[in-house]
Amino acid sequence: MEDFRIGQGYDVHALAPQLPLWLGGIRIDSPVGCIAHSDGDVAIHALCDALLGALALGDIGHHFPDNSDEFKGIDSKILLARVLGLVRERGWQPVNVDITIALQRPKLAPHIAGMRACLAGILGISEDRVSVKATTTEKLGFVGRGEGCEVWAVALLGK
Ligand code: MG
């Protein structure tokens, strides 16, 4: 590879009881889930924005409008695969990605390996190039009060 681009992404979703919680492409057993037009996988949404940002291709809302019936309830893994298609058709490929999820509960540690495996499979890179980290916010702010989930992602692309 001789050329590289880096992008960052950020997303937040509000949490509500009795919704499914999808993060990093996997379903996580939880009393709360994300309120969303899609499946609410806020980690994948931030990752999509990082990939798009690396190539200055706008953001996920531009490509997949949340007022479109086409994307209602959609599996965010499909959105990620489509974003990856935009990346690849321009001759780029992911080198590595790094994701930080802020969520007060449930604890995500038991699910990190599953998220990394899932995302690596979609991105077509090895798991050692897919970092997923999780933190609480020590009960501070909207994340700490259990009102939302916040995610930051960075992606490096090469060609
Ligand atoms: Mg989102």
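Computed over segment 103-159, relative contact order equals 42 percent, with contacts defined as Cα pairs under 8 Å that lie 6+ residues apart. Candidate cross-link partners of residue 159 among the aspartates and glutamates, defined by an alpha-carbon separation under 17 Å and a same-chain spacing of 8 or more, comprise 2, 3, 89. Normalised by the number of residues in the chain, the mean separation of alpha-carbon contacts (under 8 Å, six or more apart) gives a relative contact order of 34 percent.
For residue 150, the solvent-accessible surface computed with a 1.4 Å probe is close to 30 Å², ligands and nucleic acids excluded.
Apolar share of the accessible surface for the chain: 52 percent from carbon plus sulfur atoms, 1.4 Å probe.
Structural descriptor for segment 45-112: relative contact order 32 percent, calculated from alpha carbon pairs under 8 angstrom and at least 6 residues apart.
Sites listed here are trypsin sites (Lys or Arg not before Pro) in segment 57-137 whose DSSP assignment is loop and whose Cβ has at most 16 other Cβ atoms within 10 Å: 72, 90, 107. Accessible surface for segment 66-159, divided over its residues, is 51 Å² per residue with a 1.4 Å probe. Here the convex hull built on the C-alpha positions of the chain has a volume of 100 cubic angstrom per residue. Here the dipole of the chain is about 300 debye; that uses its Cα centre as origin and unit charges on the Cβ of Lys and Arg (positive) and Asp and Glu (negative).
The values are calculated or read from the model by the stated rules, or taken from the named source; none is laboratory data. Source: prediction; values computed, not measured. Don't worry about glycine lacking a Cβ; one is built from the backbone with ideal geometry, like all the others, and counts go over all protein chains shown. These area figures cover heavy atoms from the full protein model, side chains too; ligands, DNA and RNA do not enter into them. Shrake-Rupley method; radii C 1.70, N 1.55, O 1.52, S 1.80 Å.
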